[in-house]
Amino acid sequence: MITSTTSTSCCASSAAPLGAERAGALARSRWYRPALAVAALGLLAWAMWAALAPIHSDTRERLFEIPKGTWARRMAGAKVEILPSDIRLTLGVRDVLVLHNRDDVPQVFGAILLMPGQSFRLPFAMAASYQFNCTAHLSGQMTITVLPNPDSAWARLKWRAGELLHAV
């Protein structure tokens with residue numbers, strides 16, 4: 001009889017922690033499920049908005065400036081990277097590149113000589129990848145990638161997701 005009493009008390013003591021563990025898991029699942037559902041609904045709402053809402057832009061221009069003193073800092077040995085090496089534009093949204101030279105010396109962009117204080121506007125009408133020589137870059141090269149206009153819902157969703165990832 002002692003043996004059966006010991007085994008009963010042994011099993012009763014091991015059942016208590018298992019029950020407490022289950023209760024804790026049940027309490028966590030009660031909290032996680034609504035939070036997960038709200039997050040999923042929020043993501044779904046964003047995806048629907050991103051796919052269906054038209055893309056608007058304040059201006060179709062994308063401005064890049066070459067700051068004053070850039071050439072002098074380069075001549076002093078500083079590795080100054082002023083412009084991104086790959087600029088992304090989108091037809092119908094931001095498809096005009098504007099370069100403004102605030103430096104004291106002329107800068108070359110492709111076949112264009114930008115004098116100090118001068119601006120240059122370059123509109124794009126076709127989606128493609130363009131290569132330009134550019135003295136504002138350490139490598140001397142600049143790529144402009146022009147993406148097609150995101151007309152369809154799927155294209156708008158991909159474009160907005162890409163812009164979000166590119167910003168991060």
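Readers should treat all values here as calculations from the given coordinates under stated rules, not as data from a laboratory. Every value quoted in this text rests on a predicted model; they were computed, and no experiment measured them. Positions of Cβ are backbone-derived with ideal geometry, glycine not excepted, and every protein chain shown enters the neighbour counts.
Things worth noting here:
- Each peptide in 89-101, 125-137 receives the mean, over its residues, of other Cβ atoms within 10 Å, and ordering these scores from highest gives 89-101, 125-137.
- For I112, I82, the sequence from fewest to most other C-beta atoms within 10 Å is I112, I82.
- Extension gain, S85-Y32: 0.36 nm per intervening residue step, less the Cα-Cα distance, totals 14.7 nm.
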